[in-house]
Ligand code: THU
């Protein structure tokens with residue numbers, strides 16, 4: 001038997017000002033995207049912004065439904081939108097922000113397992129790391145690649 005230890009590396013920033021310009025712009029786009037959230041059941045409003053490697057940014061927000069499983073998270077709304085508009089470009093980064101009662105949450109919202117799996121698919125397709133920026137009012141986490149959030153990624157390709 002061999003004992004194995006898995007380490008996850010990520011960066012923590014305390015304000016948007018600490019981010020490099022491109023990340024800051026993506027974080028701000030995710031915050032702005034919260035406005036499109038439709039969350040009458042959870043009152044948890046989430047926005048996401050995806051950057052393609054050609055520089056284009058596509059945003060999405062969570063969309064709920066009276067039949068709960070029919071709703072979709074902000075991350076997948078934005079990723080599927082971006083991917084459907086890719087025209088040969090690849091997804092290179094995603095930012096996520098959440099609000100409650102009209103106020104950006106202090107802590108970053110961390111993506112659900114399904115969203116992580118979709119990130120993994122598009123990262124694999126691109127052949128390079130997709131960074132994930134989770135934006136809270138009090139702290140911002142930057143993960144350099146999807147592996148950091150989804151170790152042992154399932155990849156049948
Ligand atoms: N949600 C997201 O959109 N992204 C996350 O990272 C966490 C959860 C949504 C799903 C649902 O509309 C609401 O937040 C409560 O779970």
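Of note:
- Taking a point 7 Å from the Cα of residue 15 along the Cα-to-Cβ direction, the residues of the range 130-145 with backbone N closer than 20 Å to it are 134-142.
- Ranked for footprinting exposure by Cβ neighbours inside 10 Å, fewest first, 1, 130 give 1, 130.
- Among beta bridges that DSSP assigns inside the range 1-136, antiparallel share in %, nearest 5: 75
- For the peptides 12-18, 74-80, the ranking by packing is 74-80, 12-18, with the highest mean count of neighbouring Cβ atoms within 10 Å listed first.
- Max-minus-min Cα coordinates of the chain on each principal axis give 49, 37, 33 Å, with the largest extent listed first.
- Zone residues, the range 55-92, relative to residue 42, backbone N less than 11 Å from point 7 Å out along Cα-to-Cβ: 62-65, 69, 71-76
- Once the Cβ-Cβ distance of residue 155 and residue 112 is raised to the sixth power relative to R0 = 25 Å, the FRET efficiency obtained is 0.85.
- Taken as Cα centroids, the range 130-157 and the range 1-21 sit 9 Å apart, rounded to the nearest whole angstrom.
- Spin-label model, residue 32/residue 124: points 7 Å from Cα along the beta carbon direction are separated by 3.4 nm.
- Each 5 Å bin from zero holds the following percent of Cα-Cα pairs in the range 35-120: 3, 15, 26, 24, 17, 10, 4, 1.
- Average Cα contact separation per residue, the range 1-143, under 8 Å, 6 or more apart, as relative contact order %: 25
- A helix-only calculation puts the chain at -7500 deg cm²/dmol for mean residue ellipticity at 222 nm, using -39500 (n - 2.57) for each DSSP H run of at least four residues, averaged over all residues.
Only the coordinates and a few stated rules stand behind these numbers; no lab work does. Nothing here was measured: the structure is a model prediction, and the numbers come from that model. Here Cβ is always computed from backbone atoms with ideal geometry, including for glycine, and neighbour counts include all displayed protein chains.
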